[in-house]
Structures are given as C-alpha cells and as structure tokens.
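Let me begin by presenting the structure, written as structure tokens, before commenting on it.
The values are calculated or read from the model by the stated rules, or taken from the named source; none is laboratory data. Source: prediction; values computed, not measured. Note: ideal-geometry Cβ built from the backbone for every residue, glycine included; neighbour counts use all protein chains shown.
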Amino acid sequence: MNGYSMHGADNDSYYYEFGEGVPVCETCGLVTQLDWVNPKFRLERTGYDFSFTWDLAPIVSERFVDFASSYPGARFLLLPSAPGFALFVVDPIITLDPERRGRRFEGPCPACGRYTQIAAGRIHLKDAAVLPRGFSRTDVEFGSRHERPDRFIAQSPRRLVDPELGEALAAQRFVGLRLEAIAE
C-alpha cells in the first residue's frame, strides 16, 4: 500500500470570487499562489470537516486542524471571515509517474508556462517513490481554466497521506473526507 489520495465534498463556495489582490497570471488567469488567504471568503456550507470550493481551494474545520496539526507536511491558514475554518496547504512534493495512466495537458500559457487544463485518472507514484510520513502533494496541479473562464480559478494538486495517517484519518470519520488508495 502506497498511501491515500484525499478528496473532499463541495462546499458550494467560491474562494477567489470576492478576493481583492488575488495572485493570478495576468495572461491566463490561473491562481499562482495556493497559500493566499482571502479575508472576504464566505463559506456557504459549514457542515464539512474537509471540503473544496468550486474553484478548488481546500477548506478544513477546526476539528480537522486539531487532529492533523500533529502530523508533518501541512499548514493551516485561519480564515478571518470563516471562524473555525482554515485553508489547508500542503508543502512536501511527490513526483508522479508521467508514463502510467496518461495525463492530458492542454492550453499552455505563454506567460507563466502552465497549462490551462490538466486532467488525469488515478494517480501513480514514480517507481520507487515512498510517501513521507504525514501529508504530501503531487507535483502536478489538476483542473481546468476552461470550466469558468470568467472567474479566477486555481488548479489543485492531489493531497496525499501515508498509509498510517490514512488509517488514522479514516478512524476520525471526518465529514466530507474521502480517501482513495493510490494505485500500485
């Protein structure tokens, strides 16, 4: 078992919509800084411990933060306009195997060099890659600018956890969190 990929419920919110000074590429409009805190963010559905906004910002509850803070790899940035919730940021990067389970890259941006659409099925780690203890993230950020060209949008890496943390998270029964085993 390689570990788990973390997935969350939709919280019916937009993280970047009412933000001023959202860090984006001037050409393609993709968000360039995933740890930017939006002081005006409005969380529409507060019943989840782990969820994503429509524009792919991961939002976690205070309950999740209290549990996960003792594991390495994650930062939790408190949201001033959503008390009891935080933006979930993961820093250690794991490289995916580009040859297995093909990924699709479309619409390269001439300014920032990123692709405006990146899609993939299940993720596969490079041959001998082992997830570090705690939280990590993929080197690729998935998502599509084409879904909402009228709004700022972020692409989102897959957040990963080692097998031990995956089992601990499952035992906590966090509302909205779904764990998917990483393909061997």
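Scanning region 26-36 for residues that are hydrophobic (A, V, I, L, M, F, W, C) and under 19 Å from the mean Cα position of the chain (by Cα), we see that the one that is farthest from A57 (Cα to Cα) is L30.
Filtered by the rule that a residue be part of a loop (DSSP other than H, G, I, E, B), modelled with pLDDT of 95 or more and surrounded by fewer than 14 Cβ atoms within 10 Å (Cβ to Cβ), region 163-184 gives a lone residue, R173.
D66 passes every criterion in (1) touching a residue at least 40 places away in the same chain (Cβ under 8 Å); (2) surrounded by fewer than 16 Cβ atoms within 10 Å (Cβ to Cβ) apart from (1).
Do we have V140 as at pLDDT 75 or above, surrounded by 13 or more Cβ atoms within 10 Å (Cβ to Cβ) and closer than 23 Å to R178 by Cβ here? Considered against the rule, which asks whether it is at pLDDT 75 or above, surrounded by 13 or more Cβ atoms within 10 Å (Cβ to Cβ) and closer than 23 Å to R178 by Cβ, V140 comes out as no. From the list P108, P83, the lone residue that is free of Cβ contacts under 8 Å to residues at least 12 places away in the same chain, in contact with a Phe, Trp or Tyr (Cβ under 7 Å, 6 or more places away or on another chain) and not hydrophobic (A, V, I, L, M, F, W, C) is P108. When restricted to residues that are touching a Phe, Trp or Tyr at 6+ places or on another chain (Cβ under 6 Å) and small (G, A, S), region 62-80 contains 2.
Of everything listed in (1) over 30 Å from C28 (Cα atoms); (2) modelled with pLDDT under 70, the single unmet condition for I153 is (1). Checking the stated criteria, L160 turns out not to satisfy the condition of being surrounded by 13 or more Cβ atoms within 10 Å (Cβ to Cβ), modelled with pLDDT of 95 or more, out of contact with any Cys (no Cβ under 9 Å at 6 or more places or on another chain) and not charged (D, E, K, R). Scanning region 9-49 for residues that are touching a Pro at 6+ places or on another chain (Cβ under 7 Å) and surrounded by 21 or more Cβ atoms within 10 Å (Cβ to Cβ) returns a single hit, V31.
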